[in-house]
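K.L.:
Right, I'll just put the structure down here and ask away after.
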Amino acid sequence: MRSHNGRLVSIRTREEFEIIGMLFQSRSSFENSDVHEKGVQIEFNNPIVIHVHGNFGNFYQNKFLWYMSEIYLNRGIDFLTINLSAHDGLAEGYYGMQLKYVGGGVADYADSQLDIEAVVQYVRDLGYHNIVLQGHSLGCDKIIEYALNHEPDFPLILLSPVDSYEVQSNWIYPEKVEEQIRRLKGNCHKVENKQWGSADLDWLPNREYGAKGGTQEWTYEIPITRDALLSILEGVAFRYLNVSTGETFVLDNPVFAYIGRRDGLQMHSQDDWIKFLHRSFPHLTSVTNLDADHDIVGVEDVLAERITEWIDQII
């Protein structure tokens, strides 16, 4: 297994956070990008998929990204995979020239919207107009939020979307999520003069956040700070893809969803979950017959081929 040849890119948000990613382009796209950087306006007719990773993820670790970089480009689809400000657990990142702590353990959930906004503008500036957003796990919630607030016509690819509210409810049972929020707010400390992008290192006990999946490999604790966890619990991730108490919304754009048969983080049956997704995505194409887990291990190439076929149909 190997990925396609790509190039590292640096993208700045309007808050000057530096996003690092890998851009995979066909030869013609690559040559046109070089021309574009010299000041010549270029328009790309081929689509580009922007990948948004999940909780504590990054732009390279999931092996399905390697397969996609090869298979997408072979089908004339360019590919950009990025690090959000919430990448990994704790890392260093630049805001302007200043180095600060970032990562899933400390970042504000809402900051990912600034990241996606900047990346979409970046590919538009390159000359792309056929843009597809792809999210994995919690990244699905993030691209749904972006589409609802900014780009309702963007096609979406949802890889292993889950009911995050139900996952957390299962983790902290018998305490309820709403009770957990009140408790965490009730005994929090104040950080004076906190700047956007600064780290809140008020780490919580590991019991506060995690996943108790259907299999042992998908049962794990997640280290996180108080502010970062509250931003998730009170954010969109717990409002939209929420079967029990979620907000009603509809996106009429084309949506592709993969739910693996052995996804240990799925809290509902495949049939019930697909019915729920269909209510919000009337133009949903779903893949539920692949014997794979949350990270698509073992069927990466098969799924990538199905996604390219779907993109060919809608663009």
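The values are calculated or read from the model by the stated rules, or taken from the named source; none is laboratory data. Remember, it's a predicted structure, so these values are computed and weren't measured experimentally. When we count neighbours, we look across all protein chains shown, and the Cβ atoms used for this are built from the backbone with ideal geometry, even at glycine. Note: areas computed on protein heavy atoms with side chains; ligands, DNA, RNA excluded. Shrake-Rupley method; radii C 1.70, N 1.55, O 1.52, S 1.80 Å.
K.L.:
Beyond a 31 Å Cα-Cα separation, which of these cross-linked pairs lie in this structure: 185/275; 142/212; 63/185?
P.N.:
As for pairs spanning more than 31 Å Cα to Cα, those are 185/275; 63/185.
K.L.:
Apply 1/(1 + (r/R0)^6) to the Cβ-Cβ distance of residue 272 and residue 129, taking R0 = 30 Å, and write down the FRET efficiency to the nearest 0.05.
P.N.:
Given R0 = 30 Å and the Cβ-Cβ separation, E is 0.20.
K.L.:
In deg cm²/dmol and to the nearest 500, what is the mean residue ellipticity at 222 nm of the chain if only DSSP H runs of at least 4 residues count, each as -39500 (n - 2.57), divided by the residue total? All intermediate terms of the calculation are to be shown ahead of the outcome.
P.N.:
Details: 9 runs with 104 residues, N = 315.
Using -39500 (n - 2.57) per qualifying helix, the result is -10000 deg cm²/dmol.
K.L.:
Additional query: For the chain, what log10 I(q)/I(0) values come out of the Debye formula at q = 0.06, 0.13 1/Å, with one point per alpha carbon and no solvent?
P.N.:
-0.19, -0.95
K.L.:
Let me ask another. Does the stretch 101-184 classify as rounded, prolate or oblate by the C-alpha gyration tensor (a ≥ b ≥ c root eigenvalues; a/c under 1.5 gives rounded; else a/b over b/c gives prolate, otherwise oblate)? Don't jump to the answer; show the numbers that get you there.
P.N.:
Numbers: a/c = 2.98, a/b = 2.01, b/c = 1.48.
Prolate, because a/c is 1.5 or more and a/b exceeds b/c.
K.L.:
Between 249, 165, 131, whose Cα lies farthest towards the positive end of the dipole of the chain when Lys and Arg beta carbons carry +1 and Asp and Glu beta carbons carry -1, centred on the Cα centre?
P.N.:
My answer, from the dipole projection, is 165.
K.L.:
Counting Lys and Arg as +1 and Asp and Glu as -1, each charge on the Cβ, what is the dipole of the chain about the Cα centre in debye, to the nearest 20? Show your work: numbers first, answer last.
P.N.:
On the way: 26 positive and 46 negative charges, 50 e Å.
The dipole of the chain has a size of about 240 debye.
K.L.:
Given the whole protein assembly as supplied and a 1.4 Å probe, what does the accessible area of residue 101 come to in Å², nearest 10?
P.N.:
110
K.L.:
Let me ask you something else. Measure out, as a whole number of angstrom, how far apart the alpha-carbon centroids of the stretch 242-315 and the stretch 70-100 sit.
P.N.:
After rounding, the separation between the Cα centres reads 23 Å.
K.L.:
At a Förster radius of 25 Å, what calculated FRET efficiency corresponds to the Cβ-Cβ distance of residue 8 and residue 98, to the nearest 0.05? Let's see the in-between values first.
P.N.:
Values: r = 21 Å, r/R0 = 0.84.
Computed FRET efficiency for residue 8 and residue 98 comes out at 0.75.
K.L.:
Return the distance in nm (one decimal) between the two label points of a simple spin-label model at residue 305 and residue 110, each offset 7 Å from Cα along Cα→Cβ.
P.N.:
Placing both labels 7 Å along Cα→Cβ, they lie 4.5 nm apart.
K.L.:
Residues of the chain: accessible area per residue at 1.4 Å, in Å²? Provide the component values of the computation, followed by the final result.
P.N.:
Values: 14040 Å² over 315 residues.
Normalised by residue count, the accessible surface of the chain is 45 Å².
K.L.:
Run a plain Debye calculation on the stretch 209-299 (Cα atoms as equal point scatterers, no solvent) and give log10 I(q)/I(0) at q = 0.11, 0.13, 0.19 Å⁻¹, rounded to two decimals, same order as the q list.
P.N.:
Here the Debye-derived log intensity ratios amount to -0.39, -0.54, -1.08.
K.L.:
What Kirkwood hydrodynamic radius, in Å, does the stretch 138-284 give when the mean of 1/r is taken over all pairs of distinct Cα atoms and then inverted? Present the calculation step by step, with values, prior to reporting the outcome.
P.N.:
Working: mean 1/r = 0.0602 Å⁻¹.
When all Cα pairs of the stretch 138-284 are included, the Kirkwood radius is 16.6 Å.
K.L.:
Right, next: Note the full-extension length gain between residue 247 and residue 185 as 0.36 nm times their separation in residues minus their Cα-Cα distance, in nm to one decimal.
P.N.:
Details: separation 62, 0.36 × 62 = 22.32 nm, distance 2.32 nm.
Taking residue 247 through residue 185 to full extension adds about 20.0 nm, to one decimal.
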